[in-house]
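**Q** I have a structure here, written as structure tokens, and I will follow up with some questions on it.
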Amino acid sequence: MAIKMKQKSIELFEGFLNTGIRYFKWMVVAALAIILLTGIYKVDSSEVAVVLRFGALTGATQKEQIKQPGLHVSLPSFIDEVVKVPVERVQELSVGSLYGSGALLGKAIQSNGYVMTGDSNIVRMNIAVKYKISDPIAYALRVNDISAALQGIVSGEMTALVSGTTVDDVLTTEKSTLTSRTMKNAQAVADRVGLGVTFTNIELTEITPPSEAVEAFNNATTASVRKETLIQQAKDYEESTLPGAQAQAQQLIADANTAQADAVARATATSAQFNALYSQYKQNPSVVYDGVFRARVSEVLKQSGATIVVPDAKGGSTRLILPNGKKSAE
């Protein structure tokens, strides 16, 4: 009886063991399948991917190293690391290391962020950066924290440029110049260190003086804008007035030239007439004198309409000459 019970127990144990082994095999197969499935990954249309095997880049050529959009297979995740890189997407980053909203001067100024201008004034800047990943291999291998890297580069280049610019220019006319030069310089630094990114835009979203100086800065800005407005108004007035003044000046010159020519012509005619009369006078003085005298007196009488008393040409008694040509001796 005891032998039969022992035999039955052994059979039960063997059955349980066989069942366990069978289930264990299925569990192993399922685990292997799951592990293999983790090696299947999808790359979206706006991305590419690179695969790092134990930290090293896989693929002998750049074409093999960069996985294009679609389904791909790699080794399990504990062997291969798939790094997806959004090369087609424009990414945005806010650089606030130089900006503290509403912050006051004092002991906390460094923690609130600021930059000093070339004329020893203080301003705070909030900068928006847009960029794209241009080299996915460099990005995957060399960049651990792209945000920190770009913030450091952009804030450093902006600080260097602002330190050589007056505060009035920073707040008014030089904003676009600062951003364009910052983007150019930051791109050069990013290329030099191999970040694999391309800046598409850098913009000053906010630039403010310290809270204590806001009113003074606003007054200065208003005065600067007023100055530019007046200068523009003066230029507009010049452009509208100058052509008319120039035309008037040309007309005056033309009129003067015409008057000069007329005066010269009349003077020339009078001179010629005088020379001819003088030539006759030299030949017969008394006749010419009497004729000229009578002609001039006649002209005067026609204009005056009154009697005139003139002396006799021969020095005798005076004569009264009437407008109708009659004479009366006194």
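**Q** With a point put 7 Å past each Cα toward its Cβ, work out how far GLU81 is from THR198 in nm, to one decimal.
**A** Calculated label separation equals 2.7 nm.
**Q** Would you mind ranking TYR41, TYR139 so that the residue whose beta carbon has the fewest other beta carbons within 10 Å leads the list?
**A** If I rank by nearby Cβ atoms, fewest first, I get TYR41, TYR139.
**Q** Ok, one more. Could you put GLU228, GLU81 in order, starting from the residue whose Cβ has the fewest other Cβ atoms within 10 Å?
**A** Sorted ascending by nearby Cβ count, the order is GLU228, GLU81.
**Q** Still on this structure, I have one more. Give the Rg (one decimal place) followed by the Dmax (whole number) of segment 228-283, computed from C-alpha coordinates and expressed in Å.
**A** When restricted to the Cα atoms of segment 228-283, Rg and Dmax are 24.0, 80 Å.
**Q** To the nearest 20 debye, what is the magnitude of the charge dipole of segment 91-209 about its Cα centre, counting +1 on the Cβ of each Lys and Arg and -1 on the Cβ of each Asp and Glu?
**A** Approximately 220 debye in magnitude.
**Q** Using only the Cα atoms of segment 91-209, what are the Rg and Dmax in Å?
**A** Radius of gyration, then largest Cα-Cα span, for segment 91-209: 14.6, 45 Å.
**Q** Here is the link list: LYS42/LYS130; LYS63/LYS130; LYS63/LYS132. Which ones come out longer than 24 Å on Cα distance?
**A** Over 24 Å apart, Cα to Cα: LYS42/LYS130; LYS63/LYS130.
Read the figures in this text as sums done on the coordinates, not as results from a lab. Just so it is clear, the model here is predicted, and its values are computed rather than measured. Note that each Cβ is placed from the backbone with ideal geometry, even for glycine, and that neighbours are counted across all protein chains shown.
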